[in-house]
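Participant: Submitted below is the structure of interest, expressed as structure tokens.
No value in this document is a laboratory result; all are computed from the given coordinates. Being a predicted model, the structure only gives us computed values, none of them experimental. In this analysis, Cβ positions are derived from the backbone assuming ideal geometry, glycine residues included, and neighbour counts consider all displayed protein chains.
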Amino acid sequence: MRKLKSCFSDLLSALGRFGLARAAIFVFAFVVIATIFNNNRWKTEHGLVIHDVISYYSYLPAAIVHGDMKFGFLDEGSDFFKGRIVNSKTPEGGHYQKMTMGLAFLYLPFFLLAHLYAWLSGAEMNGFSLPYMFFLQFAALFYVLVALLVLRKILLKLVNEKLAAIVILVIGLGTNLFFYTTLEAAMSHAFNFSLFIFFIWFTIRWHEQPGPKNSVLTGLVIG
């Protein structure tokens, strides 16, 4: 019994040094990653690039794989793009996507990593093969984890460590943020959450240190 109490005391001491709020973020990350690998959405055809994501994502294969931001390659008549890229046409016969490319910029680092991996591994470099979907699956988690670390900083300006940890766990596991970081990780919701956290942080920083740097950073994350 004494050994058990000693182990528990050591654990609490270690958590105290690490920080309960950081531990809460670690728990969130563990549960999210376990859920992702339990569902394997990236292995399912149309598992990630669905609904609005079809338009958000389309700019990346258009620009990087086909080098054609006018989407003229859709006129080739390939069935491959059905359900993968929306073929909307103007009255003049041009192509367009109704969604803007903001999400595409956030996907971009992960798309480039997937493109490199596909090249090195010999996988299809078409923007939709398994490496692309795998890296896309984890894009939201990356931004959300960074946002939660920033949220921790914000909370610790206002409340104690224990309450900050509770808030992080409730937001991470008790809201639809969990769903949009796991099962529909390419949708805009988790990315928007992250951008709003960054916006709040840079707004606080601007009030602490007004100047061009914090003004530009605030504008970038809200723009």
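Participant: Which FRET efficiency, nearest 0.05, do K157 and F179 yield, Cβ-Cβ r, R0 30 Å? Before the final figure, lay out the partial values.
Facilitator: Working: r = 29 Å, r/R0 = 0.96.
Result of the calculation: an efficiency of 0.55.
Participant: Can you give me the angle between helix 2-18 and the longest principal axis of the chain, using Cα atoms only, in degrees from 0 to 90, rounded to the nearest 10?
Facilitator: 60
Participant: Let me ask something else. Calculated from DSSP H runs of 4 or more alone, at -39500 (n - 2.57) each and per residue, what is the 222 nm mean residue ellipticity of the chain, nearest 500? Please list the in-between numbers first.
Facilitator: Working: 9 runs with 144 residues, N = 223.
It lands at -21500 deg cm²/dmol.
Participant: Let's test the formula: R0 of 30 Å, r as the Cβ-Cβ distance of T203 and T100. What FRET efficiency results, to the nearest 0.05?
Facilitator: Values: r = 23 Å, r/R0 = 0.78.
Computed FRET efficiency for T203 and T100: 0.80.
Participant: I would also like to ask the following. Can you list the HN-Hα couplings for segment 178-186, worked out from phi with the Karplus curve (6.51, -1.76, 1.60; θ = phi - 60°), rounded to whole Hz and with x for Gly and Pro?
Facilitator: Calculated HN-Hα couplings, in order: 4, 4, 7, 9, 10, 7, 10, 6, 8 Hz.
Participant: While we're on this one: With an 8 Å cut-off on Cα pairs and a minimum separation of 6 or more residues, tell me the relative contact order of segment 109-158 in percent.
Facilitator: Averaging sequence separation for qualifying contacts and normalising by length gives 32 percent for segment 109-158.
Participant: Next question. Just want the answer: with Cβ charges of +1 for Lys and Arg and -1 for Asp and Glu, which residue in L163, L183, F193 is farthest toward the dipole's positive end in the chain?
Facilitator: L163
Participant: By how many degrees, between 0 and 90 and to the nearest 10, does the Cα long axis of helix 212-222 differ from the longest principal axis of the chain?
Facilitator: The helix 212-222 is inclined about 70 degrees to the chain.
Participant: Filter the cross-link list K43/K70; K157/K213; K43/K89; K43/K82 down to pairs whose alpha-carbon distance in this structure exceeds 24 Å.
Facilitator: K43/K70; K43/K89
Participant: Multiply the residue gap between K89 and V216 by 0.36 nm, knock off their C-alpha separation, and tell me the result in nm, one decimal place.
Facilitator: Values: separation 127, 0.36 × 127 = 45.72 nm, distance 3.60 nm.
Additional length available on full extension: 42.1 nm.
Participant: Taking segment 129-182, which trypsin sites (Lys or Arg not before Pro) meet the DSSP loop condition and have no more than 15 other C-beta atoms within 10 Å?
Facilitator: Values: sites: R152, K153, K157, K162; in loops: K157.
Within segment 129-182, the qualifying trypsin sites (Lys or Arg not before Pro) (loop, at most 15 other Cβ atoms within 10 Å) are K157.
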